[in-house]
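All remarks here apply to the structure that follows.
The values are calculated or read from the model by the stated rules, or taken from the named source; none is laboratory data. Not measured: the values here are computed from a predicted model. We place every Cβ from the backbone using ideal geometry, glycine too, and count neighbours over all the protein chains shown.
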There are 2 protein chains.
Amino acid sequence: MSQTNRRIVLALRPEGPPKPANFRLEEAPMPEVPNDHVLLEAIYLSLDPYMRGRMSDAKSYADPIAIGDVMVGATVSRIKQSRNRDWKEGDIVVAYSGWQTHAISDGSDLRRIDPHAAPISTGLGVLGMTGFSAYAGLRNIGRPKPGETVVVAAASGAVGSVVGQLARIDGARAIGIAGGAEKCAFVKNELGFDAAIDHRDPNFARQLAEACPDGIDVYFENVGGAVWDGVMPLLNNFARVPLCGMISHYNDEALGPPSSDRLPSSMKVIQQKSITVRGFMNVEFIEQQPTFLDEAAGWIADGRLKYREDIVDGLEHAPTAFIGLLEGRNFGKLIVRV
Amino acid sequence: MSQTNRRIVLALRPEGPPKPANFRLEEAPMPEVPNDHVLLEAIYLSLDPYMRGRMSDAKSYADPIAIGDVMVGATVSRIKQSRNRDWKEGDIVVAYSGWQTHAISDGSDLRRIDPHAAPISTGLGVLGMTGFSAYAGLRNIGRPKPGETVVVAAASGAVGSVVGQLARIDGARAIGIAGGAEKCAFVKNELGFDAAIDHRDPNFARQLAEACPDGIDVYFENVGGAVWDGVMPLLNNFARVPLCGMISHYNDEALGPPSSDRLPSSMKVIQQKSITVRGFMNVEFIEQQPTFLDEAAGWIADGRLKYREDIVDGLEHAPTAFIGLLEGRNFGKLIVRV
């Protein structure tokens, strides 16, 4: 047993894309366990785009990480020591314990997972917050009807991959957008989407239109950027656009360089076609999580819900893995084996 | 009785703002009245921003007006001759008979109005489609709760003036945005909004922020343009944005001149604050129109719902009045006395 807590703190707020110098690996004394608390030992750490927002001090739904504080994030952890009657040593939990090897919890933020039901790393992905984000946005906002066309950005990613498979489970057509031939092949052949379109292809817009002969009823947005320009003209009357994330813009510091202003044309389309654009966070729908976990476990068991994880070894590699995530370099849910 | 039908047709599709040359006044023979039909004589013609969209041949929810066809639009008309048992000579109706003195109808598109209940011109405004647009968007999408803050663009206009007064009837605070001191005074003093802000003032954004100390819960958008930049930073979590129109952009032919792209920052705010942006047309909610007409007649009678009409005399002046509408030169619901 290591006698120190290794942790990665925010060293400096990034301007634009984070660089290794924005992070610092530290060693701290192993924390004491107060009465009614537990000591967590992290096994897996989830890396997610939202963390970029927390590194900036812009006003948001959540407070920014202070300089010198541990980077936030969800982990799958083992209870290493318990002074809380509800938890015992060896329990496997999802915790929000951040980028560090050890942490203290009073138990109120822990979710127990069954290590025999599925690989425990899925508690951070398909059976965790990314899977649930897909479910919450699609079921509450997208609401595809059988036969409708659902287009999913970042379709090979942690959220997008679940969105498209859920759409098919609901009887809709699923069209995935991904970057590069390898990811597109995975989306179509492994995940079973009806089609996958490479957004790097110069003919992206035409190919998307061909894959959506009846237009687009639901566009699940978790990327932002130029993909929207291909999607917008295809949106049907009463289309729904769940806005789950805007990863391509998380590094923007302010308005971009002079270019065309795409806001007026977008607003006109939204207005003229009675489209709903709805930002959301999965916590709004958290009461649906138990139902989701039950259903999703069944779909995984019967092969209708597949997932892919991109696992990086060693806490010290979390910063470079995270930087790559913002550039789309991961392939599947990005997880650090601590 | 005139033996000819005077009418204004689309002479040429506009590029950018319409000019007088886009319209042509014609005289045509008085139409014959087929069996089961009625002959309408227009008294008032409604001029509305949506007509600009119909002059272009861009794909939309409605077909464009063909070159040489009569400009579309709602009228209050008198039934001049009836060969339909459901309608009799002298009945006053709202019809969709366009920019002309006379038209034929089979009766299916007519709505009878009571000439004793209110001035019949209100059938085109506060008791017509503009009033109902305000009601439909606010009650179905905006849904203000008592104490919430509702901001209304074009607050002195046909739709905006009703939105703010309805918000107050529902117990919310109403903040109006209008162009110039005269319109602002009308919004605050005559219509009873809690505050009115002049969007031409160089300190517009600061004044809006001061008028909304608790942020904005509902922004009723029917203008587009720079007002959004002042509104966006003030939107609260779970804010609702009914998109009723984008009058400031109806003359845009394509993407504007190089400037900053405001789409990414808008999408980020919508996503991070769980905001709903929903385009709509009042026809989606048409089954609520009878309820609206009943309620609104009561509010007008008890003084809680005021309205202002801007009446122009003579069908031949409809084109210049319409051009002025798109530039915000009207003050109140714009109507032509045919």
*Only one of A:154, A:117, A:158 is surrounded by fewer than 24 Cβ atoms within 10 Å (Cβ to Cβ) and modelled with pLDDT under 95; which?*
A:117
*Determine, yes or no, whether residue B:125 is in contact with a strand residue (DSSP E or B) (Cβ under 9 Å, 6 or more places away or on another chain) and farther than 16 Å from residue B:240 by Cβ.*
yes
_Search result, residues across the stretch B:252-271 that are more than 7 Å from every other protein chain (Cβ to nearest Cβ) and either modelled with pLDDT of 85 or more or surrounded by 18 or more Cβ atoms within 10 Å (Cβ to Cβ) (or both)_ = B:269
*Any hit, the stretch A:60-78, residues being over 30 Å from residue A:224 (Cα atoms), assigned to a strand (DSSP E or B), touching a residue at least 24 places away in the same chain (Cβ under 8 Å) and assigned by TED's automatic domain parsing to the domain that holds residue A:312*: yes
*State whether the residues of the stretch B:61-72 include one that is of a type in the set (Ser, Thr, Tyr) and surrounded by 15 or more Cβ atoms within 10 Å (Cβ to Cβ).*
no
*Condition test on residue B:186, is it surrounded by 15 or more Cβ atoms within 10 Å (Cβ to Cβ), without any contact (Cβ under 8 Å) to a residue 40 or more places away in the chain and of a type in the set (Phe, Trp, Tyr)?*
no
*Among the residues of the stretch A:324-338, which ones are part of a loop (DSSP other than H, G, I, E, B) and more than 12 Å from residue A:125 (Cα to Cα)?*
A:327, A:328, A:329, A:330, A:331, A:338
*asked:* I'd like the full set of residues that are among the small types (Gly, Ala, Ser), closer than 24 Å to residue A:219 by Cβ and not assigned by TED's automatic domain parsing to the domain that holds residue A:140, limited to the stretch A:271-306.
replied: A:296
*For the stretch A:273-287, what are the residues that are outside any loop (DSSP other than H, G, I, E, B), within 15 Å of residue A:143 (Cα to Cα), facing chain B (nearest Cβ under 7 Å) and not polar (S, T, N, Q)?*
A:277, A:278, A:279
*How about the stretch B:79-109: which of its residues are without any contact (Cβ under 8 Å) to a residue 24 or more places away in the chain and surrounded by 14 or more Cβ atoms within 10 Å (Cβ to Cβ)?*
B:91
*In the stretch B:12-27, which residues are touching a Ser or Thr at 6+ places or on another chain (Cβ under 7 Å) and touching a residue at least 60 places away in the same chain (Cβ under 8 Å)?*
B:20
*With respect to residue B:93, is the statement that it is part of a strand (DSSP E or B) and of a type outside the set (Lys, Arg) true?*
yes
*Take the stretch A:288-308 and flag every residue that is farther than 14 Å from residue A:133 by Cβ and either within 14 Å of another protein chain (Cβ to nearest Cβ) or surrounded by 20 or more Cβ atoms within 10 Å (Cβ to Cβ) (or both).*
A:305
*Which one is nearest to residue B:164 (Cα to Cα), of the residues in the stretch B:300-323 that are in a helix (DSSP H, G or I) and modelled with pLDDT under 95?*
B:300
*Flag for residue A:9 being under 27 Å from residue A:332 (Cα atoms), in contact (Cβ under 8 Å) with a residue 24 or more places away in the chain and surrounded by 15 or more Cβ atoms within 10 Å (Cβ to Cβ)*: yes
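Can you tell me which residue in the stretch B:278-287 is surrounded by the fewest Cβ atoms within 10 Å (Cβ to Cβ), limited to those that are closer than 23 Å to residue A:277 by Cβ and not aliphatic (A, V, I, L, M)?
Step by step, filter the stretch B:278-287, then rank; the result is B:284.
Could you check, for the stretch A:46-56, whether at least one of its residues is in a strand (DSSP E or B) and either outside the structural domain of residue A:324 (by TED's automatic domain parsing) or over 28 Å from residue B:232 (Cα atoms) (or both)?
Yes, the stretch A:46-56 has at least one match.
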*Single condition residue A:51 does not satisfy, out of (1) closer than 21 Å to residue A:101 by Cβ; (2) touching a Lys or Arg at 6+ places or on another chain (Cβ under 9 Å); (3) surrounded by 17 or more Cβ atoms within 10 Å (Cβ to Cβ)*: (2)
